[in-house]
1. For V463, V8, which order do you get if you count the other beta carbons within 10 Å of each Cβ and list the fewest first?
2. Take V290, V17 and order them by how many other Cβ atoms sit within 10 Å, fewest up front.
3. With a 10 Å Cβ neighbour count serving as the proxy for reagent exposure, in which order, fewest first, do V500, V112, V297 appear?
4. For the stretch 280-331 and the stretch 25-70, what is the centre-to-centre distance using only Cα atoms, to the nearest Å?
5. What is the ratio of the Cα radius of gyration of the stretch 1-79 to 2.2 N^0.38 Å, where N is its residue count, to two decimals?
6. So what is the orientation-averaged projected area of the stretch 129-204, using the convex hull of its C-alpha atoms, in nm²?
7. What GluC sites (Glu not before Pro) in the stretch 1-61 are in a loop by DSSP, with at most 15 other Cβ atoms within 10 Å of the Cβ?
8. Multiplying the sequence separation of N390 and K245 by 0.36 nm and subtracting their Cα-Cα distance, what value in nm do you get?
Amino acid sequence: MYWGLSLVRNQEGKQKVSTGISPSGPIHLGNLREILTGEIIYKSLLLSGKDASFIYLCDDIDPLRKVYPFLPETYSAHVGKPLRDIPAPEGNQSYSEYFLAPFLKSIESLDVKPEIIRTGQLYAEGKFGDIIKTIIERRMEVRDILQEISGRELEENWFPYNPKCSRCGRINSAVAYDYSDGYVYYRCSCGNEGKSNIYRDEGKLPWRLEWPAKWKILSVTIEPFGKDHGTQGGSYDTGKAISEKIFDYPAPLPQMFERILLKGKGAMHSSTGVNIPATEILDFAPPEIVRYMMARVPPSRHIEFDPEAGFLNLMDEFERLLKMNSENRLDEDQKTLLSISSAGKSMDNMPDYRHLTTLVQIYMNNEQIRNVLERSGKRYPENILQARINQARYWVERYAPESSRFHVLDEKSPVTLDEKGKKVICNLLENIRSLGEWKADAIHEAARNAIQESGIPPSEGFVAIYRSMIGKEKGPRIGFFFEGMERDKVERRLSFLCGV
Ligand SMILES: [Zn+2]
């Protein structure tokens, strides 16, 4: 059974999947696994005929932890303030919205459409108020649970609420010392003394209490999370106990997920430069491939992403799945995988990505590429075709390995060929001239025959052709390659080399 369906098969009643992020910097591919794992679980619930919804929490009231390498030194003045209160590195919006906006746009392109909830807004609307009151009133029990399960001792003056200082604006430097009638009283290291209204965004719960509080407030029933939260005595374990014992709410069904590693570079971090921004993935990867990459393996397995040659192989693998689907050869698991990857959209008529990576190296202009495809009887919806061409172009420029790159030589650039090589070229010219239609299969056949007639091994024959056309020993499949070029141009090039 597909892992998503298997995970949710015993869930009963209304289901709500929740994931989220603390928008403290550029959001990278690794974060996509979290939201896409949520999306896959959500779609699995729907495929199982269950009543389900999906929410995404932006923890914009979390404090800025430090001056990250991508920030100017002036941000040291903002460390400790909630992300939503800090100005963005550029423009007029807040720090959190600045990093969220492009990410939210990316997930929309991926057909992931959860209800987006800003945690700061929940506090501002007083949604956390009653639960904060409960936690404060029962703080001795809460404290015991946290200490017992995490094995960590809490300080003598521990208080389950972090007030936001009304003077310096920091949410991690004031110490709460009393509670009365909806207000937490605090003293801040900046010298300020004040009180926070627990029904406003004047403070927040510590992470280990905020997480289960969200479960209860938002009625979460399933939540995927990274393995850092899932260690023994970690925040899921304490959250579960708090939720059950203090809030009388069953902890959501957990699903831990492994990390995404960048091939040859290891784990991705925003701070080390070993990452691909989530927004950049869609510059070269069609949405269904990003979804497929996450859906094809269970969350317990790490994903090693190779944006270079491995990416094309992933594309090929997905295209094989589509082909099998068109031949009615998919088993149930593969059908589920395809349905989740394609977000329920028809994938019957999609341009071949690998072929496009060849065409973009022949033509600078998208219009020409469309004409070439139409000439060989292939028509696609304009928006899909344009997006695919641009993605293939981006991939070639940015990620294609040397073996996938080429440049078509000018008609009259000289190439040294031995006698046999020259014979292949002359035979090829002759065979091509007698071709009826300019079609990949026929061209490929013409090339094979030309090599055979020359009496040299196929591998050497193809080397002669590639050397003549692109000055390399290998290249894209001859049939598609030539079909993608103007027939006249190919003939003129071969004539020049053959000397006729
Ligand atoms: Zn202060």
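No lab work stands behind these numbers, since they all come straight from the coordinates. A quick note: this is a predicted structure, and the numbers were derived from the prediction, not measured. Virtual Cβ from ideal backbone geometry, glycine too; neighbours counted across all protein chains shown.
1. V463, V8
2. Ascending number of Cβ neighbours within 10 Å: V290, V17.
3. V500, V297, V112
4. Going from one Cα centre to the other spans 20 Å.
5. Taking the Cα Rg and dividing by 2.2 N^0.38 Å, one obtains 1.51.
6. Numbers: hull surface 19.6 nm².
Reported value for the Cα convex hull: 4.9 nm².
7. Those that pass, being in a loop and sparsely packed, are E12.
8. 46.8 nm
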